[in-house]
Amino acid sequence: MRIAINNGHLIDPKNNISEKFNIGIENGKVVELSKDILSGDKVINANDLYVTPGFIDMHVHEDRIIDGNIRINIFEKLLKMGVTSAIGGNCGIGIENINEYLKLVDFGFPINYGTLLPHEILRKHINIQDRYANLDNKNIEQMYHFGKNLIKENGLLGISFGIEYIPGIDFNELMTLARLGKNRVVSAHLREDGENVLNSLGELLEIGRFNDTHLQISHIGSMAGYGQMNKFLNEIENKKEQGVKIMCDCYPYKAFSTLIGSAVFDNNYIENHNFSYEQLQIASGPLKGSICTKEIFEQLRKTAPETLVVGHMMLEKDIDMAILNRNTIVVSDGILTETGEGHPRAAGTFPKFLKEYVKEKKLLSIEEAIEKITSTPAKILGINKGSLEIGADADITIFSLDEIEDQATFENTSLPPKGIKYVIINGEIALIDNEILSFNSGKSIRKFL
């Protein structure tokens, strides 16, 4: 089927295009760009709308396999935000049977999906359960060879670490396993946030000195968003000038989310940061919506460690600084329970980003904003996404900037946004005005070197 998109304002940051253009799509690819009105089996009138490459969310936490099938939840939310490609396996955590997961994706999936190799599954492979355990060279080599095979066989996009979640990772383990990201991506949730974030950044930067890889620092708002952002971003810029390949990502919210039982909260985290327990909100389970107390916090840590909590602790000025920085892309870091509980970023990130930073605050041009969620993440990953040039994958998002608005809240995290008019994935119309027409237009994203 041939699809024609006429009268839209096309933005293609990779090719420096921002003007009226009409697009022809056939066999899953962009086949024509013209100033002339185009015809097709399906014709979309994009008058007063922006036509851009599909949004790429480089940091998600994927839905799980249940009873042999992927229980679709977060991927549906991403599609409704205009996301056409998402990357999982972040923060060192993710699915364990990667081969099975990617095969299920290729049977038909709401969006395109690729994954990093999560470090945690390498430790599980050698039966290391203690997150504070330091490993010897023999164990590290076992993990390395297992991980090398997984990446090679499945075309994984790199490796990710959740250093704060597994504090037992020492420099030897980190450096050795980071070699798996050669010519790919090494993504990391740093060891510590707040006052110690610059030391944690230094640890990761050492990898860039010895490994030919792209370093991607995860969700810097929740790492340096407590007054350290300016120094943090300056250090990133300094290292880039010295030749280190490094970028950051951030979501446009001043509240983080994680499991209450994670190592983040070990060692008196709340007291050491001068936070209060009342800044934590329960995001899943029977107490969902409740404000935390020390008693509730300690009880849930013992009895329900998988409970998601939201921490309302980050500074708005730091988040703005991060989002606007040229070395930062925008991601959702979306994570939801199987019943859809969690943080509104899973359903609101990209419309919120466009609404607040382009339409309301006017801190970014529409072209700068689209670049952060299309061509730049595609370039980092080294994939054929994020542009609308002839021959590019026909992943396209069409939206109204006048109408764009996130509706998801901390009380109702799943409300879909407004303003996303059409989403096209691999040449198929997957969504019109929040109505999903196809749940199987997506394919796996793999990188074989």
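Per-residue answers, yes or no, for (1) polar (S, T, N, Q); (2) in contact (Cβ under 8 Å) with a residue 60 or more places away in the chain:
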| residue | (1), (2) |
| --- | --- |
| Pro53 | no, yes |
| Ile56 | no, yes |
| Asn73 | yes, yes |
| Gly89 | no, yes |
| Asn97 | yes, no |
| Tyr101 | no, no |
| Glu120 | no, no |
| Asn134 | yes, no |
| Asn137 | yes, no |
Check your understanding: Consider Lys80 against the criteria (1) surrounded by 14 or more Cβ atoms within 10 Å (Cβ to Cβ); (2) of a type in the set (Lys, Arg); (3) under 20 Å from Ser187 (Cα atoms): it satisfies all of them except one. Which criterion is unmet?
Key -> (3)
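Residues are listed down the side, and each one gets a yes or a no for (1) aromatic (Phe, Trp, Tyr); (2) under 15 Å from Phe399 (Cα atoms):
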site: Ile3; (1), (2): no, no
site: Asn16; (1), (2): no, no
site: Gly24; (1), (2): no, no
site: Val30; (1), (2): no, no
site: Tyr50; (1), (2): yes, yes
site: Glu76; (1), (2): no, no
site: Leu79; (1), (2): no, yes
site: Glu100; (1), (2): no, no
Review point. In region 212-252, which residues are open to solvent by less than 20 Å² (accessible area, probe 1.4 Å) and of a type in the set (S, T, N, Q)?
Key: Thr213, Gln216, Ser218, Ser222
Review point. Do any helices (runs of 4 or more DSSP H) entirely within region 266-364 hold 1 or more residues that are within 22 Å of Gln228 (Cβ to Cβ) and open to solvent by less than 40 Å² (accessible area, probe 1.4 Å), and if so, which?
Key: 269-272, 316-324, 345-353
Point to revise | Output for region 370-393, where each listed residue is assigned to a loop (DSSP other than H, G, I, E, B) and either of a type in the set (Lys, Arg) or surrounded by fewer than 24 Cβ atoms within 10 Å (Cβ to Cβ) (or both) | key: Gly382, Ile383, Asn384, Lys385, Ser387, Glu389, Ile390, Gly391, Ala392
Study note, to complete from the structure: Residues of region 253-265 being in contact with a helix residue (DSSP H, G or I) (Cβ under 7 Å, 6 or more places away or on another chain) and surrounded by 21 or more Cβ atoms within 10 Å (Cβ to Cβ), in sequence order, are Tyr253, Phe256, Thr258, Ile260
Check your understanding: Taking into account only those residues within region 107-120 that are open to solvent by 10 Å² or more (accessible area, probe 1.4 Å) and touching a Gly at 6+ places or on another chain (Cβ under 9 Å), which is modelled with the lowest pLDDT?
Key -> Gly108
**Study point:** Filtered residues of region 91-109 (kept if under 18 Å from the mean Cα position of the chain (by Cα) and part of a loop (DSSP other than H, G, I, E, B))
**Key:** Ile93, Gly94, Ile95
**Study point:** Pairs where the first residue, in region 343-369, is of a type in the set (Asp, Glu) and the second is open to solvent by 10 Å² or more (accessible area, probe 1.4 Å), C-beta under 7 Å, 6+ apart
**Key:** Glu367/Pro13; Glu367/Ser18
Revision key, fill the gap. Scanning region 199-243 residue by residue, those more than 19 Å from Phe161 (Cβ to Cβ) and among the aromatic types (Phe, Trp, Tyr) turn out to be Tyr226
Review point. How many residues does region 394-407 hold that are in a loop (DSSP other than H, G, I, E, B), over 30 Å from Gly181 (Cα atoms) and open to solvent by less than 10 Å² (accessible area, probe 1.4 Å)?
Key: 2
Review point. Is there any pair with a first residue in region 260-288 that is in contact (Cβ under 8 Å) with a residue 24 or more places away in the chain and a second that is surrounded by fewer than 17 Cβ atoms within 10 Å (Cβ to Cβ) and of a type in the set (A, V, I, L, M) whose Cβ atoms are under 7 Å apart and which are 6 or more apart or on different chains, and what are they?
Key: Gln281/Ile291; Gly285/Ala304
**Study point:** From the options Asn90, Asn97, residue that is of a type in the set (S, T, N, Q), within 30 Å of Ala263 (Cα to Cα) and in contact with a His (Cβ under 6 Å, 6 or more places away or on another chain)
**Key:** Asn90
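The values are calculated or read from the model by the stated rules, or taken from the named source; none is laboratory data. Computed from a predicted structure; not experimentally measured. Quick reminder, even Gly has a Cβ in these numbers, built from the backbone with ideal geometry, and neighbours come from all protein chains shown. Surface accessibility is based on the protein's heavy atoms, side chains included, excluding ligands, DNA and RNA. Shrake-Rupley method; radii C 1.70, N 1.55, O 1.52, S 1.80 Å.
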